[in-house]
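Enquirer: I'd like to ask you about the structure that follows.
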Amino acid sequence: MDPLEYIALATELHHALEPDGDRQVILRTVVNRSYLGALMATAAFLENVKGRNYPRDRGFYGAVEGDLVDELPGFNDRLATLRRYRADADYDLGTDIPRAKAEHALRVAISYTADLRSQFG
């Protein structure tokens, strides 16, 4: 599966919102899919560089993010931002996710994956 499909879904959901809409299920999904698309794109790149696949188990996220620090300096701050936003969206269900946060997550994911492609093929 192409990791950018996660970001495409987030984009479609964002466009489906009413102009002043704040449906939490959509905003939270936009944030989550933005992070997951960026993470999966990172994993795909690092798997090509390292010549091995990451195990798809509970250690996947930490392994990818740990290698990111070593292999792609400068990218980890943006992915860390997306991870924090995703934690808010997925686990802090008592607090609304502002539309601006979902939009920022989507912009970060789009620019992040574009930078991955342009700098590293």
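Here, each number is a calculation from the coordinates, and none is a lab measurement. Note that this is a predicted model, so its numbers are computed, not measured. Every residue, glycine among them, receives a Cβ derived from its backbone with ideal geometry; neighbour counts consider all protein chains shown.
Enquirer: Would you be so kind as to identify which of 38, 7, 54 lies farthest towards the positive end of the dipole of the stretch 1-64, taking Lys and Arg as +1 and Asp and Glu as -1 on Cβ and the Cα centre as origin?
Expert: The one lying farthest along the dipole's positive direction is 54.
Enquirer: May I have the convex hull volume per residue, in Å³, for the Cα set of the chain? Each step should come with its number before you reach the end.
Expert: Numbers: hull volume 12.2 nm³, N = 121.
Roughly 101 Å³ of hull volume per residue.
Enquirer: Where in the chain are the DSSP H helices whose alpha-carbon span along the long axis reaches 24 Å or more and whose Kyte-Doolittle mean is at least 0.5? Each step should come with its number before you reach the end.
Expert: Working: long enough: 24-50 (38 Å, 0.65); 99-120 (31 Å, -0.30).
Helices meeting the span and hydropathy rule in the chain are 24-50.
Enquirer: While we're here: How many angstrom lie between the Cα centre of the stretch 18-45 and the Cα centre of the stretch 97-121?
Expert: Centre-to-centre (Cα) distance: 10 Å.
Enquirer: Taking only C-alpha pairs under 8 Å that are 6+ residues apart, what is the relative contact order of the chain in percent? Write down the numbers at each step before the final one.
Expert: Details: 119 pairs, mean separation 44.0, N = 121.
Across the chain, relative contact order equals 36 percent.
Enquirer: How high is the relative contact order of the stretch 42-97, in percent, counting Cα pairs under 8 Å that sit 6 or more residues apart?
Expert: Numbers: 20 pairs, mean separation 13.0, N = 56.
Over the stretch 42-97, the number comes to 23 percent.
Enquirer: Also, I was wondering about something else. Which translational diffusion coefficient, to the nearest whole µm²/s, is obtained for the stretch 1-51 from the Stokes-Einstein equation, given a Kirkwood hydrodynamic radius over C-alpha pairs, 20 °C and 1.002 mPa s?
Expert: Values: Rh = 11.7 Å.
The Stokes-Einstein estimate is 184 µm²/s.
Enquirer: Let me spell out the model: positive unit charges on the Cβ of Lys and Arg, negative unit charges on the Cβ of Asp and Glu, origin at the Cα centre of the stretch 4-120. What dipole size does that give, in debye rounded to 20? Intermediate results must be reported in sequence, preceding the final value.
Expert: Working: 15 positive and 18 negative charges, 38 e Å.
Magnitude of the dipole: close to 180 debye.
Enquirer: If you take the charge dipole of the stretch 1-95 about its Cα centre, with +1 on Lys and Arg Cβ and -1 on Asp and Glu Cβ, which of 94, 68, 21 is farthest toward its positive end?
Expert: The listed residue farthest towards the positive side: 68.
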